[in-house]
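The numbers here are math on the coordinates, done by the rules we state, and not lab data. What you are looking at is a predicted structure, and each value in this text was computed from that prediction instead of being measured. Cβ sites come from the backbone with ideal geometry, for glycine too, and all protein chains shown count toward neighbours.
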Amino acid sequence: GWKAQQRLSSGDRLVCARRMEWTGEDVVSRDFAVVVAALLTEGYTPHGRNVATFTSYDSDFMEHFIDAFEREFDEKSGSLSPDGRVYRVGSAACKKIFKVASKGLSGEKFVPDEMMGSTKEVMSDFLSIMIGAEGGVSESNGTFEYTSKSKLMVCQVRTMLLRFGVRSRFGVKANPDY
């Protein structure tokens, strides 16, 4: 039977889904999903200001972001720094992005509902950027890691991975620099 979380005790069994079946519904494009994921992971989006920057030292990753950004906004609504590492998002694009994406410090960010309920196609593009920016893949055993200061965002990424039948573990990494 069902028990409230507070009434669970040591030794009780808890059943968890291995796969979530949900066809999803797209309210945003695949390119918009890429832009939002990039800004959630490698973006600077301060509270109270309508500005955003995306920073990447990987030129291929930056090019992928810019291509998606320019397809989504049909114009050059941003600018790339002379060193090619920082892309400043224009205010018109920020207005559209911040209708769904969270602003603030890394630990305060979360995955928008529009991504959580999307189709697998949009979700896979979103997850690809999230894991590519804040994770890594081990070629030796095929595992990957995703790291974020936002516990909520980690839990949301785990839920999204269940849509693809990917089970994951949650752990805390101690980093004295944070």
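Observations on the structure shown:
- For the chain, a crude dipole built from +1 on the beta carbon of Lys and Arg and -1 on the beta carbon of Asp and Glu, taken about the Cα centre, is about 1060 debye to the nearest 20.
- Per-selection metrics, segment 76-178 (Cα): Rg and Dmax in Å: 15.6, 44
- With all pairs of different C-alpha atoms in the average, the Kirkwood value for the hydrodynamic radius of segment 24-109 is 12.9 Å.
- The convex hull drawn around the Cα atoms of the chain, when projected onto a plane and averaged over every direction, covers 13.5 nm².
- If R0 is taken as 22 Å, the Cβ-Cβ distance between ASP26 and LYS95 corresponds to a FRET efficiency of 0.60.
- Of LYS96/LYS173; LYS99/LYS173; LYS109/LYS173, pairs whose Cα-Cα distance is over 28 Å: LYS96/LYS173; LYS99/LYS173
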